[in-house]
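Some notes on the structure that comes next.
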Amino acid sequence: MKPQMTGKVVLVTGAGSIGEGWGNGKAAAVLYAREGAKILAVDRNLEAAEETRRIIESEGGVCFTLAADVAKTADVERMVQACIDLFGRIDVLHNNVGIAETGGPVEASEESWNRVIAVNQTSVFLTCKHVLPHMEKQKSGVIINIASVAAIRWIGFPYAAYSASKAAMISLTKNVAMQYASLGVRANCILPGLMDTPMIREPLKAAYGGDIEVMREQRHQQSPMGRMGDAWDVAYAALFLASDNARYITGVDLVVDGGVDA
């Protein structure tokens, strides 16, 4: 079978991993490349993006990297222009940037709230704002936004800013999907559940008593399947939604959580 993304250009934000192992953006970028796509891997940490590039190139794929803070307009404009200069088009925008900070409205500081909203929510607004004109001109394109099951349910501890930012991402995605449906552009959300990725280790371990292994075991037990998912579970969901196999799917929230929200 022909690879699902042959000839496609994919812009992945948050394409590095914040620690050892496979983060969602890193796995998605590698999987898109394995399926024939050309990748622009963007991350605030250029070395993290470079690690993703090295993996892709070692497998015969095409990947360029860029350091950018997608919560800043100038960086987003530069990122989008770089992709157009490199490849001439953007077929898929994969928004994976996100941070997690715990605390409810009383415990969380205003600075923490603003930081999470800027990184998780404003970044998606900015990337859509600057990528959509190119997709409209092409009369084609797909936007994949990585939200969270925390947007639609309580997951065991206060997570106010994170949950709010991810819920806003779902609504923004639906707005984009409906506005651009007749213009050849699709937009969908993926809602990962309890995932075993580098992102969970430092930000969340305090909520589980400070012990990472205790945290991992408790999160495994929270899943009806008896285990957390991983970055590849999210990546394969993204691949489906980005591919032509999902050509009649837009405005959906695809929950990838092992049954947590069932």
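The values are calculated or read from the model by the stated rules, or taken from the named source; none is laboratory data. Everything quoted here is computed from the prediction, not taken from an experiment. Note: ideal-geometry Cβ built from the backbone for every residue, glycine included; neighbour counts use all protein chains shown.
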field: Tally of residues being farther than 28 Å from residue 36 by Cβ and of a type in the set (A, V, I, L, M) across region 58-80
entry: 2
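Return the total of residues in region 8-20 being modelled with pLDDT under 95 and either surrounded by fewer than 23 Cβ atoms within 10 Å (Cβ to Cβ) or not in a loop (DSSP other than H, G, I, E, B) (or both).
First pass over region 8-20, keeping only residues modelled with pLDDT under 95: 17-20.
With the extra rule that they be either surrounded by fewer than 23 Cβ atoms within 10 Å (Cβ to Cβ) or not in a loop (DSSP other than H, G, I, E, B) (or both), the set shrinks to 18-20.
Of the residues in that region, 3 qualify.
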- prompt: With respect to residue 183, is the statement that it is of a type in the set (A, V, I, L, M, F, W, C) and surrounded by fewer than 20 Cβ atoms within 10 Å (Cβ to Cβ) true?
  reply: yes
- request: Scan region 50-72 and report the pairs whose first residue is under 19 Å from residue 86 (Cα atoms) and whose second residue is at pLDDT below 95 and buried (at least 16 other Cβ atoms within 10 Å of the Cβ), with Cβ atoms within less than 9 Å and a gap of 6+ or a chain change.
  value: 52/17
query: Which one is nearest to residue 99 (Cα to Cα), of the residues in region 200-233 that are modelled with pLDDT under 90 and not in a helix (DSSP H, G or I)?
result: 210
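Sort out which residues of region 234-244 are surrounded by fewer than 18 Cβ atoms within 10 Å (Cβ to Cβ) and either touching a residue at least 40 places away in the same chain (Cβ under 8 Å) or outside any helix (DSSP H, G or I) (or both), and write them in order of number.
Applying the first criterion (surrounded by fewer than 18 Cβ atoms within 10 Å (Cβ to Cβ)) to region 234-244 yields 236, 240, 244.
Listed by number, the residues that qualify are 236, 244.
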- prompt: In region 59-90, how many are assigned to a helix (DSSP H, G or I), more than 27 Å from residue 116 (Cβ to Cβ) and touching a Leu at 6+ places or on another chain (Cβ under 8 Å)?
  reply: 2
Selection count where residues are touching a Ser or Thr at 6+ places or on another chain (Cβ under 8 Å) and buried (at least 18 other Cβ atoms within 10 Å of the Cβ), scope region 156-180: 6
- prompt: Any idea how many residues of region 186-199 are among the charged types (D, E, K, R) and either assigned to a strand (DSSP E or B) or loosely packed, with under 14 Cβ neighbours inside 10 Å (or both)?
  reply: 1
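Anything in region 29-42 that is farther than 19 Å from residue 131 by Cα, assigned to a helix (DSSP H, G or I) and touching a residue at least 60 places away in the same chain (Cβ under 8 Å)? List them, or say none. Reasoning before the result, please.
Of all residues in region 29-42, those farther than 19 Å from residue 131 by Cα come to 30-31, 33-36.
Imposing the further condition that a residue be assigned to a helix (DSSP H, G or I) reduces the set to 30-31, 33-34.
Hits for region 29-42 are 30, 31.
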- request: Please determine, by comparing only the residues of region 139-155 that are farther than 19 Å from residue 257 by Cα and either out of contact with any Gly (no Cβ under 7 Å at 6 or more places or on another chain) or not hydroxyl-bearing (Ser, Thr, Tyr) (or both), which one is surrounded by the most Cβ atoms within 10 Å (Cβ to Cβ).
  value: 143
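Name the single residue that is modelled with the lowest pLDDT among those in region 67-116 being of a type in the set (S, T, N, Q) and surrounded by fewer than 21 Cβ atoms within 10 Å (Cβ to Cβ).
If we filter region 67-116 for residues that are of a type in the set (S, T, N, Q), which is where we start, we get 73, 81, 95-96, 102, 109, 112, 114.
Right, trim to surrounded by fewer than 21 Cβ atoms within 10 Å (Cβ to Cβ) and you get 73, 81, 102, 109, 112, 114.
Numbers: 73: 98, 81: 98, 102: 88, 109: 97, 112: 97, 114: 97.
It comes out as 102.
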field: Where residue 260 falls short, out of the listed (1) farther than 22 Å from residue 99 by Cα; (2) out of contact with any Cys (no Cβ under 9 Å at 6 or more places or on another chain)
entry: (1)
- line: Filtering region 147-161 down to residues that are out of contact with any helix residue (DSSP H, G or I) (no Cβ under 6 Å at 6 or more places or on another chain) and either in contact (Cβ under 8 Å) with a residue 24 or more places away in the chain or under 20 Å from residue 13 (Cβ atoms) (or both) yields 149, 152, 153, 155, 156, 158, 160
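Quick one: in region 91-131, of everything that is assigned to a loop (DSSP other than H, G, I, E, B) and of a type in the set (Ser, Thr, Tyr), which residue is nearest to the chain's Cα centre (by Cα)? Outline the logic, then answer.
From region 91-131, those assigned to a loop (DSSP other than H, G, I, E, B) are 91, 96-102, 104-109; that's our starting set.
Next, only the ones that are of a type in the set (Ser, Thr, Tyr) stay: 102, 109.
Working: 102: 19, 109: 25 Å.
Ranking the qualifying residues of region 91-131, first place goes to 102.
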